[in-house]
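A short worksheet on the structure shown next.
The values are calculated or read from the model by the stated rules, or taken from the named source; none is laboratory data. Since we're looking at a predicted model, the values are computed, not measured. Cβ: placed from backbone, ideal geometry, glycine included. Neighbour counts: every protein chain shown. Areas reflect the complete protein model, heavy atoms only, side chains present, ligands, DNA and RNA absent. Shrake-Rupley method; radii C 1.70, N 1.55, O 1.52, S 1.80 Å.
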Amino acid sequence: MADLSISLAGISSPNPFWLASAPPTNSGDQVMRAFDAGWGGAVWKTLGDPIVDTSSRFGSLDVGGQRMVGFNNIELITDRPLDVNLREMRHVKNRYPKHAIIASLMVEKREDWRDIIKAVIDHGCDGIELNFGCPHGMCERGMGSAVGQEPEVLKVVAAWAVEYSSVPVLIKLTPNVGDILEPGLASVEAGAHGLSLINTIKSLIGVDLDRLVPYPVVGRHSTNGGYCGPAVKPIALHMVGALARDPRITVPISGIGGIATWRDAAEFIALGSTSVQVCTAVMHYGFRIVEDMIEGLSNYLDEKGMKSVNELRGRALPAFLEWGDLDLNYKVAAHVDPSKCIGCDLCYVACRDSSVFCIHNSAEPLPAGHHAPTRDAALAAAKQRGSHVVWVDESECTGCNLCAAVCPVPDCITMVDVTDGRPFESWNDRVAKGTANVPGGLEDWRSTAKSGGARA
Ligand SMILES: Cc1cc2nc3c(=O)[nH]c(=O)nc-3n(C[C@H](O)[C@H](O)[C@H](O)COP(=O)(O)O)c2cc1C
């Protein structure tokens with residue numbers, strides 16, 4: 001069985017699965033039950049001056065009958081006194097010395113950072129995580145994302161923490177920025193030992209159309225909250241990958257955002273995460289989900305012949321490029337398995353209304369001059385079944401993937417490599433050879449804007 005243990009900036013953990021700072025890590029009792037269930041680490045619910053929360057404070061997005069695809073909250077940091085949290089933290093560390101306990105912190109003034117950092121270290125935490133990400137409530141008080149959105153401010157506060165801390169300092173980044181590299185680089189420059197991302201995305205989850213008040217309803221009003229859960233995973237993956245592939249980001253990453261299964265975790269690790277953190281999936285299904293995560297990741301590593309989870313880290317990064325470096329001569333075309341097609345026409349309609357209309361059904365004649373080797377098989381299958389079956393006019397297919405995305409039957413539509421032998425050639429290759437029409441680009445716009453003149 002592959003070794004799942006990790007060390008992130010010197011914080012060691014029996015596996016890469018950590019609970020994110022959130023309701024599941026609000027008390028020592030919860031963290032201990034989570035460790036018993038198999039979690040390798042926990043980032044304690046953010047500590048600071050205890051707050052008053054609203055009632056209600058969560059909102060949820062359901063899609064097609066699936067609950068909590070996206071989750072929204074306007075909860076603030078801990079509402080429990082610091083001394084109670086500290087006592088429990090020490091107790092948990094004493095009972096679980098091999099598990100990772102990270103104290104998430106959010107205070108305002110320099111001396112408050114000094115005092116709270118000393119307190120959590122004195123009570124046994126293995127690392128601290130600075131919450132520069134909360135996009136509601138706390139940011140109005142000059143903390144959370146208010147710090148994370150301003151690299152110069154972030155640098156000042158992070159440097160205080162690095163100065164006062166004798167344990168590794170992780171910076172938890174907000175995704176509510178234009179370019180995640182800016183706060184990422186500022187953190188590294190401030191001396192942080194690791195990055196955690198993402199915190200939640202600023203959002204309004206919906207509107208109660210009877211009361212005409214956005215959710216979550218607090219009396220007769222609401223406010224923007226932080227969005228998380230499966231729906232945010234692609235945004236989080238991009239940000240993690242964008243940081244991990246940049247050679248200037250020299251510190252390890254704890255990946256967060258929409259992780260619910262071992263596959264999600266493996267994707268984050270393949271894009272450069274050392275540990276992964278989970279909140280919404282645990283709020284939805286409980287601590288027990290970690291059992292499947294451990295088993296699934298471990299089986300996957302065994303199947304791939306990897307002896308340790310560390311061998312997976314960053315393995316997908318060389319394949320994560322800028323658009324201009326992709327092969328413009330690579331080509332795939334849709335292939336429909338006639339024995340699996342149920343004639344629902346979802347791909348037909350999608351291709352007709354939103355793509356190049358190269359999918360036809362067996363009831364239609366072949367357009368003049370078109371070449372469709374798959375049509376005969378579709379006609380035969382249709383005859384046998386007594387219902388129509390779709391087929392693809394490969395000469396027209398641009399390989400966009402839309403049909404495969406909408407098809408409800410697993411493996412019915414696959415994308416087949418039909419590259420015609422032309423060598424790899426990217427847009428940037430064409431620019432270098434002088435065969436691409438290159439406009440001035442962003443730099444041109446920037447200098448035009450600076451000079452206040454019209455673009456040449
Ligand atoms: C109800 C709730 C409370 C949260 N509280 C905190 C917090 O106190 N500190 C913090 O750093 N992040 C907090 N988060 C953000 C999570 O730690 C995490 O970054 C985010 O939810 C994305 O992960 P997920 O998609 O697995 O939920 C909270 C999230 C939720 C849903």
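Distant-in-sequence amide contacts of ASP3, defined by a placed amide H-H separation under 5 Å and a gap of 5 or more residues or a different chain, comprise SER308, VAL309. Relative to the dominant Cα principal axis of the chain, helix 28-37 is inclined by about 40°. A 1.4 Å probe, protein heavy atoms only, puts the accessible area of CYS347 near 10 Å². Using equal-weight Cα scatterers in the Debye expression, the normalised intensity of the range 99-138 in log10 at q = 0.25, 0.28 Å⁻¹ is -0.86, -0.98. In the chain, the portion of solvent-accessible area held by carbon and sulfur atoms comes to 53 percent [1.4 Å probe, whole percent, DNA, RNA and ligands not counted]. Site pair LEU321 and THR250 shows an inter-label distance of 2.8 nm when each label is modelled 7 Å from Cα along Cα→Cβ. What longest region of the chain stays clear of GluC sites (Glu not before Pro) that DSSP places outside H, G, I, E and B and that have at most 16 other Cβ atoms within 10 Å? For GluC sites (Glu not before Pro) (loop position, at most 16 other Cβ atoms within 10 Å), the longest site-free span of the chain is 109-321. Using the Karplus relation 6.51 cos²θ - 1.76 cosθ + 1.60 with θ = phi - 60°, the per-residue 3J(HN,Hα) values for the range 132-138 come to 9, x, 4, x, 8, x, 5 Hz, with x marking Gly and Pro. For trypsin sites (Lys or Arg not before Pro), the sites in the range 48-144 that DSSP calls loop and that have at most 15 other Cβ atoms within 10 Å are LYS98, LYS109. In order along the range 410-427, the Karplus-derived 3J(HN,Hα) couplings, from 6.51 cos²θ - 1.76 cosθ + 1.60 at θ = phi - 60°, round to x, 6, 6, 10, 10, 9, 9, 5, 10, 4, 9, x, 5, x, 3, 8, 9, 4 Hz, and Gly and Pro are given as x.
Rounded to the nearest 10 degrees, the angle from helix 289-303 to the longest Cα principal axis of the chain is 60 degrees.
So what is the 222 nm mean residue ellipticity for the chain from helices alone, if each DSSP H run of at least 4 adds -39500 (n - 2.57) and you divide by all residues, rounding to the nearest 500 deg cm²/dmol?
Details: 15 runs with 149 residues, N = 456.
It lands at -9500 deg cm²/dmol.
Here the Kirkwood formula, the inverse mean of 1/r across different C-alpha pairs, assigns the chain a hydrodynamic radius of 24.8 Å. Rounded to the nearest 20 debye, the dipole magnitude of the range 72-141 is 340 debye, with +1 charges on Lys and Arg beta carbons, -1 on Asp and Glu beta carbons, and the Cα centre as origin.
Per-residue Karplus couplings for the range 216-229, computed as 6.51 cos²θ - 1.76 cosθ + 1.60 with θ equal to phi - 60°, are listed in order as x, 6, 10, x, 10, 9, 8, 8, 5, x, x, 9, 7, x Hz, Gly and Pro entered as x.
Split the chain at each of the chymotrypsin sites (Phe, Trp or Tyr not before Pro) in a DSSP loop with at most 15 other beta carbon atoms within 10 Å, and the longest piece is 1-329. Sorted into 10 angstrom bins from 0, the C-alpha pair distances of the range 253-365 split as 11, 27, 19, 29, 13, 1 percent. For the residue pairs LYS307/LYS433; LYS233/LYS433; LYS93/LYS304; LYS202/LYS340; LYS98/LYS307, the C-alpha atoms sit more than 32 angstrom apart in LYS307/LYS433; LYS233/LYS433; LYS93/LYS304; LYS202/LYS340.
Restricting the range 190-242 to trypsin sites (Lys or Arg not before Pro) that sit in a DSSP loop and have at most 11 other Cβ atoms within 10 Å of their own Cβ leaves ARG211, ARG220.
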